[in-house]
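Before any comments, here is the structure.
The values are calculated or read from the model by the stated rules, or taken from the named source; none is laboratory data. As the structure is a computational prediction, the values presented were derived from the model and not from experiment. Please note: Cβ atoms are built from the backbone with ideal geometry, for glycine as well, and neighbour counts cover all protein chains shown. Accessible surface areas use protein heavy atoms only, side chains included; no ligands, DNA or RNA. Shrake-Rupley method; radii C 1.70, N 1.55, O 1.52, S 1.80 Å.
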Amino acid sequence: MDSNALLCAAIAHHITTSPQQRITFAQFMDLALYHPEYGYYSSDAVKIGFKDSDFFTSPNLCSDFGELLAEQFLQMWEILGKPVPFSLVEMGAGQGLLALHILKYHQLHYPDFFTALEYIIVEKSPTLRQEQQQRLQDFPVRWCNLEDIPQSAIAGCFFSNELVDAFPVHQFILETGELREIYVTRDSNEKETCPSFIEVTGEPSTLQLAQHLDFLGIDLSQSAYPDGYRSEINLAAGDWLSIVADRLQRGYVLTIDYGYPASRYYNPRRSQGTLQCYYQHRFHDNPYINIGRQDITAHVDFTALERWGENYNLKNIGFIQQGLFLMALGLGDRIAALSDQQQPLSQLLQRRDALHQLIDPTGLGGFGVLIQSKGLDNTETSQKLKGLTLPE
């Protein structure tokens, strides 16, 4: 396996210096992805796209995804009364492609909005930040940490595409009807020079795990949940959303990711959770191989984001599938226009395939789009967003 030996040693040291010689899976995942020197997102290991990469996202397919989002952001600006500046805060901007597509489109088609726009990127990965700065050097973009944005400083929209799925998650398992947490420790039988890791179970590290399930109305004591049932709880997502809500004065929070409402997420039949690892465009469920060389993700619980948002004074505006969201913003018109374009057939087919992938309900089109708002008056709230307006 292709693990980073230095990262494995760092994780092993963290384990051996921890009480009971173990760490939570959330701590393991955090180190594997975000260790400041050797983590997947902190090093040059992260690769996004189609060639020599681990996974791709919607902006890798074509510029249309960003351009249609740009149409939605324009309407948000208009609803808010065209404030100057209107801040777009992209959290987890990948290679900077989405920002590039949005900014180019606004500059070309809506110069007044482009002039009013303040584009901010929040990026934890130094490698990706460097790539973003190179790609966006011709645009007025600034980078900062989320925590460095002053309280109630933003009028505009915080948005993310495939960010929350990479937050570290706690894993739990049912053992004889009891909620137990999954911990990671060193394999005492390891024979390789690179440390290897195994799972053990124990009492939950925090009462928040059981409280979170109660918060969602999930009762694991029901007989429908089998012994050995395991899943994840993303407490980090709640912490993140609380900061976002605190920094937003008035405007929107738009979250795009793959996931489910809580009733589907914690369905008894989904007995092994949603954790997935991505390595060279293949996915599997073993986070203990290719450590530091692969992405580790878990699906997003959108019900939790909605409930947390309500606690943080965010109003739920709507939840919709990405395919329907993009169609409402005009993607169908773009597909229809292909028949009028004079291009080589191979190019037309390639573009049509890219547009269809964005709305494929079994893939990217099945992603969830959650929109929340804060500080809007009744008149502003009554104006329905285009992306949530389905044809009659």
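How much area per residue is accessible in the chain when the probe is 1.4 Å and only protein heavy atoms are counted (Å²)?
For the chain, the solvent-accessible area averages 45 Å² per residue.
Determine, from the Cβ-Cβ distance of Val84 and Asp360 and an R0 of 35 Å, the FRET efficiency 1/(1 + (r/R0)^6), rounded to the nearest 0.05.
Given R0 = 35 Å and the Cβ-Cβ separation, E is 0.35.
Classify segment 128-234 from the C-alpha gyration tensor, please: rounded if a/c falls under 1.5, else prolate or oblate depending on whether a/b exceeds b/c.
Oblate shape, in that a/c is at least 1.5 and b/c is the bigger or equal ratio.
Using a 1.4 Å probe and counting only protein heavy atoms, arrange Met327, Met91 so the residue with the most accessible area comes first.
Met327, Met91
Please turn the phi angles of segment 10-22 into ³J(HN,Hα) values with the Karplus equation 6.51 cos²θ - 1.76 cosθ + 1.60 (θ = phi - 60°), one per residue in order, whole Hz, x for glycine and proline.
These are the phi-based 3J(HN,Hα) values: 5, 5, 4, 5, 4, 5, 5, 9, 9, x, 6, 6, 7 Hz.
Taking only DSSP H segments of four or more residues, each worth -39500 (n - 2.57), what value at 222 nm results for the chain once the sum is divided by all its residues, to the nearest 500 deg cm²/dmol?
The helix contribution divided over the chain gives -10500 deg cm²/dmol.
Give me the percent of the accessible area of the chain that comes from carbon and sulfur atoms, probe 1.4 Å, all protein chains in place.
The nonpolar share, carbon plus sulfur, comes to 48 percent.
At a threshold of 8 angstrom on Cα-Cα distance, excluding pairs fewer than six apart, so keeping six or more, what relative contact order does the chain reach in percent?
In percent, rounded to a whole number, it is 21.
Can you work out the Karplus-derived ³J(HN,Hα) for every residue in segment 143-150? Use 6.51 cos²θ - 1.76 cosθ + 1.60 with θ = phi - 60°, whole Hz, and x for glycine or proline.
Going residue by residue, I get 10, 7, 7, 4, 5, 7, 6, x Hz, with x marking Gly and Pro.
In Å and from the alpha-carbon atoms only, list the Rg and Dmax of the chain.
Expressed in Å, the Cα Rg and Dmax of the chain come to 21.7, 67.
Of the candidates Pro226, Pro36, Pro344, which one comes out as most mobile in a Gaussian network treatment of the chain with C-alpha springs shorter than 10 Å?
Pro344
Amide H to amide H, which residues 5 or more places from Leu80 or on other chains are under 5 Å from it, using H placed in the peptide plane?
none
Pop out the ³J(HN,Hα) list for segment 241-247 in order, Karplus 6.51 cos²θ - 1.76 cosθ + 1.60 with θ = phi - 60°, rounded to Hz; leave Gly and Pro as x.
Along segment 241-247, the couplings run 5, 5, 5, 4, 4, 5, 7 Hz.
What is the set of long-range amide H partners of Asn290 at a cut-off below 5 Å, with H atoms built 1.01 Å from backbone N?
Asp2, Ser3
Which distance in Å, rounded to a whole number, links the C-alpha centroids of segment 134-206 and segment 275-329?
One Cα centre to the other: 12 Å.
Do any trypsin sites (Lys or Arg not before Pro) in segment 144-221 lie in a loop, going by DSSP, with at most 14 other beta-carbon atoms within 10 Å of their beta carbon, and if so which?
Answer in residue order: Lys191.
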